[in-house]
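*Asks:* Got a structure here, written out as structure tokens. Questions coming.
Read-outs throughout are calculated quantities, based only on the coordinates presented, and are distinct from any laboratory measurement. Everything quoted here is computed from the prediction, not taken from an experiment. Positions of Cβ are backbone-derived with ideal geometry, glycine not excepted, and every protein chain shown enters the neighbour counts.
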Amino acid sequence: MDWVPLVNFPLEWAAIALLAAGAIYWERSALSGVGIEGCMLSAVLGFCLGYEWSGSYVIAVGAAAGGAMAFALVAGAILLAFRADPTVGSFCLSLVPTCALVLFSRAGPLKLMTETPPPGLIGGTIFAGTYAEDLLASPGLIVAPLVLAIAGFIMLKTPYGLRLRAYSETPALARRGPGRVVWVRLSGAALGALWAVPAAAILLRVHPASAPFGLGYVALACAVAGRWGFLPAILMSAGPAILRTLRPYVPAGTAGGIALEAAPFVLALFYLVLFSRRALRASGSRKSRLDPDVL
């Protein structure tokens, strides 16, 4: 049995965990965590176009961070200005970078996905050309634990995180100083977008032929099932990650291959059904705009 594809498990796990952290920030900003999918795809678009036009991976990273934050700020501003339903609005706005990415990829092969050796790794190491290179020379994977730790620390241990959680968990506070509340909510969404940038870098490295779609929704399910806790969401991300890692062992296009493609999303659905009592609760009240337990 070829065990080399299993090396991708830490990469897949780290990417989904980072997206789950971003989804938590979006929910605590009283915006739907569905928007993390749009943040990730905006980052992917920034990576691809930044490298296409500059040939520099550093510039591509900056373009990815700018694209993700721009999506968060624009989407958040639109949702707040028009008082739109956060879930529906976030989903619809996420279709914009999705369609843009598909159109650019159809226009011609993107250098970031076709160049050899592929950019995005630390060059000149003794691991170059080996299976260990993706693990030990991948900046995205190296910074993932640090980014997750920073995300958890900001949310749980700082006055800013306390305000962000208070505005979403206590709707009455949103009526006090609306300008400050809007700033905190938008900045929270922007931070969530930044956590998605290393996830996009990892996924582009693992899947250079095509960027994956829908992992933001899987990550959101992990966050919901984990009751919006960072550690439970990270641990639950391991399930979909191992299923995605097993895909090379089943021929594509067969019944088993199709089932394994759908398996991470099915597992995410089981997470919601088994571990979250209120994940599917709908509410038409005013409180539902700020309650992070309402999707």
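*Asks:* When only alpha-carbon atoms count, how far does the chain stretch along each of its three principal axes, as whole angstroms with the largest first?
*Replies:* Taking max minus min along each principal axis of the Cα atoms, the chain gives 57, 42, 37 Å.
*Asks:* If you build a Gaussian network model of the chain, linking Cα atoms that sit under 10 Å apart, which residue out of Ala64, Ala77, Ala219 swings the most?
*Replies:* Evaluated over the chain, the most mobile residue of the options is Ala77.
*Asks:* Could you calculate the FRET efficiency of Ile154 with Ala255 from 1/(1 + (r/R0)^6), where r is the beta carbon distance between them and R0 is 35 Å, rounded to 0.05?
*Replies:* 0.20
*Asks:* So what is the calculated 222 nm ellipticity per residue for the chain, using -39500 (n - 2.57) for each DSSP H run with n of 4 or more, over all residues, to the nearest 500 deg cm²/dmol?
*Replies:* -22500 deg cm²/dmol
*Asks:* Which net charge results when you count Lys and Arg as +1 and Asp and Glu as -1 among the other residues whose beta-carbon is under 15 Å from that of Ile202?
*Replies:* -1
*Asks:* Here is a follow-up. Among 106-118, 201-213, how do they line up by average Cβ neighbours within 10 Å per residue, starting with the highest?
*Replies:* Result, highest mean Cβ count within 10 Å first: 201-213, 106-118.
*Asks:* Calculate, in nm to one decimal, what Leu235 and Ala70 gain on full extension: separation in residues at 0.36 nm each, minus their alpha carbon distance.
*Replies:* 56.5 nm
*Asks:* Note the full-extension length gain between Arg180 and Trp53 as 0.36 nm times their separation in residues minus their Cα-Cα distance, in nm to one decimal.
*Replies:* 41.9 nm
*Asks:* Using a 10 angstrom cutoff on alpha carbons, build the Gaussian network for the chain and name the most mobile of Ala75, Ala252, Ala100.
*Replies:* Ala252
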